[in-house]
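> Please find one structure pasted underneath; my questions will follow.
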Amino acid sequence: QVQFVESGGGLVQPGGSLRLSCRVSGSVSNSLFMGWYRQAPGKQRELVASITTLITGGHSTNYADAVKGRFTISRENAKNTMWLQMNNLKPDDTAVYYCNTVGSLSAWGQGTQVTVSS
């Protein structure tokens, strides 16, 4: 089974940046989409970014409209690690951020808290 450990969250001012990391234990197919999700207080969990490794060795990514142009998802398969670079953060980005597979979800990790506030 696959396990996820998220880290890198914290308190940041609006306009600031954070880089989240996701350590993956266990095996997942490189072609399977991996994603970053977030859940804000009182709201349902949403997918904000996803990534898959192509047969060429490159990657294909997708982003929710709310984060396009501000967030960048990346992965390094050999290190079993995925990142989410978050720039120009807004208060609405405040949430607990989780990583997981997309579609056929594995068990959730504890997530990492991101708080954007003055």
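The values are calculated or read from the model by the stated rules, or taken from the named source; none is laboratory data. Here the structure is a predicted model, which is why all the values come from computation and not from measurement. Cβ placement follows ideal geometry from the backbone for every residue including glycine, while neighbour counts extend to all protein chains displayed. Side chains are part of the model used for accessible areas, which takes the heavy atoms of the whole protein and leaves out ligands, DNA and RNA. Shrake-Rupley method; radii C 1.70, N 1.55, O 1.52, S 1.80 Å.
> Between residues in the range 56-76 that are closer than 17 Å to residue 38 by Cβ and residues that are acidic (Asp, Glu) and open to solvent by less than 30 Å² (accessible area, probe 1.4 Å), which pairs lie under 9 Å by C-beta distance while being six or more apart or on different chains?
Correct list of pairs: 66/93; 67/93; 70/93; 71/93.
> Going through the range 86-101 one residue at a time, which ones are within 18 Å of residue 52 (Cβ to Cβ) and surrounded by fewer than 17 Cβ atoms within 10 Å (Cβ to Cβ)?
none
> Sticking with this one: Filter the range 108-118 for residues that are under 15 Å from the mean Cα position of the chain (by Cα) and assigned to a loop (DSSP other than H, G, I, E, B) and give the result.
Those that are under 15 Å from the mean Cα position of the chain (by Cα) and assigned to a loop (DSSP other than H, G, I, E, B): 108, 109, 110, 111.
> In the range 76-97, what residues are under 13 Å from residue 23 (Cα atoms), small (Gly, Ala, Ser) and in a strand (DSSP E or B)? Explain how you work it out, then say what you get.
If we filter the range 76-97 for residues that are under 13 Å from residue 23 (Cα atoms), which is where we start, we get 76-84.
Still in the running and small (Gly, Ala, Ser): 78.
Selection gives nothing.
> Based on what the data block shows, is residue 64 within 22 Å of residue 31 (Cβ to Cβ) and under 14 Å from the mean Cα position of the chain (by Cα)? Spell out the reasoning first.
Working: within 22 Å of residue 31 (Cβ to Cβ): yes; under 14 Å from the mean Cα position of the chain (by Cα): yes.
Here the answer is yes, as residue 64 does meet what is asked.
> Let me ask another. With the checklist (1) over 21 Å from residue 104 (Cβ atoms); (2) assigned to a strand (DSSP E or B); (3) free of Cβ contacts under 8 Å to residues at least 12 places away in the same chain in hand, flag the one item residue 21 doesn't pass.
With (1) over 21 Å from residue 104 (Cβ atoms); (2) assigned to a strand (DSSP E or B); (3) free of Cβ contacts under 8 Å to residues at least 12 places away in the same chain applied to residue 21, the lone miss is (3).
> In the range 38-61, how many are within 15 Å of residue 92 (Cβ to Cβ) and either over 15 Å from the mean Cα position of the chain (by Cα) or crowded, with 21+ Cβ neighbours inside 10 Å (or both)?
6
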